[in-house]
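The values are calculated or read from the model by the stated rules, or taken from the named source; none is laboratory data. On a predicted model such as this, the values are computed, not experimentally measured, just so you know. Neighbour counts are summed over all protein chains in view; Cβ atoms, including those assigned to glycine, are modelled from backbone coordinates with ideal geometry.
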């Protein structure tokens, strides 16, 4: 069976654990009914004119008793976050007709036709739109299932959780595994393996894979609010490797090279020419990191004089002559007001660089700078490692790190 985990970075869903119950359905509240305690911004989910945030959906697929529920439970337990909800496909078995109920031992519960797929899709669709849903509870005591060759797990599950005795489980396994379970797995589950983004061998015993997935979900849930407003803003969690991450946003193609030993190695190659442009002088501190990643890359310079928040003047620029044909990595470790960045970006556009070909790399940003740049240039990308609190009266990022150029080059007092 398949499972769907949903994680919303803004809307809060209540936790859901599906167990045998006399209830007909469980209610998952609407995100809007639980978000009143959340901090709001001008684009928050609480605004009457804004649409709910799109949840992050993870589909979990695998053979029966392969450990899907165990993996999902372990992920949820490690997250300790009520914004994650588990939707179990087993809840969406369609009710048996009277004739099917009479011959329940011959009914193929492992075939896709056994599920009310339309109801499942409707449920997921409503959750993605921020609506409350009714999740049905399937009565496994009334419409019994059967075990397969992963017998130890399935016998334990069916006897403890689904109210069956061991003899009936063994008898059903002997008669029906070869007829229903294995063919359904081969026909419908196994072929989907090639579409999986992550394959977890050994299920719940694979703690490394589970930890990686947990960290990925935490990253999604921990995105700064500004990342939800501006999809072109990317915050790198707990690392200053913004150059490496910025390169990951560039278009590339597959390329094969022959090594000195005669072996063929398949890798990737950037499909467009690149260059770096540093905003003097703080931006020069990032040039070594860029050269370490891209040997021999051309780097241009832009010097802008600024006086406080409003005064700005282009003093000097030296850029590659063919810069209009290149993707540009714009370097400046601190994004404060955004005025200097905007002037540098405007210069690049005047030189023929498409806005979408500019990636602005910095270490620390202020919300004011993010707003300033993204509102004016919505098609470039910003990659930063931290968005700090705000600017002070001197237009310095707080808490920030002071004047970056002075600290890096050792010219501070």
Legend entry - Among the candidates 153, 202, residue that is out of contact with any strand residue (DSSP E or B) (no Cβ under 7 Å at 6 or more places or on another chain) and modelled with pLDDT under 70: 153
Legend entry - Residues located in the stretch 65-94, provided they are out of contact with any helix residue (DSSP H, G or I) (no Cβ under 9 Å at 6 or more places or on another chain) and without any contact (Cβ under 8 Å) to a residue 60 or more places away in the chain: 77, 80
Legend entry - Among the candidates 359, 302, 323, 398, residue that is in contact with a strand residue (DSSP E or B) (Cβ under 7 Å, 6 or more places away or on another chain), crowded, with 16+ Cβ neighbours inside 10 Å and within 22 Å of residue 236 (Cα to Cα): 359
Inset, instruction - Could you please find all residues in the stretch 58-87 being at pLDDT below 85 and in a strand (DSSP E or B)? - result: 84, 85
Inset, instruction - Considering each residue of the stretch 120-148, count those that are loosely packed, with under 15 Cβ neighbours inside 10 Å and either closer than 20 Å to residue 107 by Cα or at pLDDT below 65 (or both), and give that number. - result: 2
Legend entry - helices (runs of 4 or more DSSP H) enclosed by the stretch 322-413 - at least 3 residues per element that are within 16 Å of residue 301 (Cα to Cα) and in the same structural domain as residue 277 (by TED's automatic domain parsing): 339-350
Inset, instruction - Could you list, in sequence order, all residues of the stretch 110-128 that are touching a helix residue (DSSP H, G or I) at 6+ places or on another chain (Cβ under 7 Å) and either touching a residue at least 60 places away in the same chain (Cβ under 8 Å) or part of a helix (DSSP H, G or I) (or both)? - result: 110, 111, 112, 119, 120
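Yes/no per residue for (1) at pLDDT below 85; (2) closer than 16 Å to residue 358 by Cα:
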position: 279; (1), (2): no, yes
position: 284; (1), (2): no, no
position: 313; (1), (2): yes, no
position: 328; (1), (2): no, yes
position: 332; (1), (2): no, yes
Inset, instruction - Scan the stretch 164-187 and give yes if some residue there is assigned to a loop (DSSP other than H, G, I, E, B), in contact with a helix residue (DSSP H, G or I) (Cβ under 9 Å, 6 or more places away or on another chain), over 19 Å from residue 60 (Cα atoms) and at pLDDT below 80, otherwise no. - result: yes
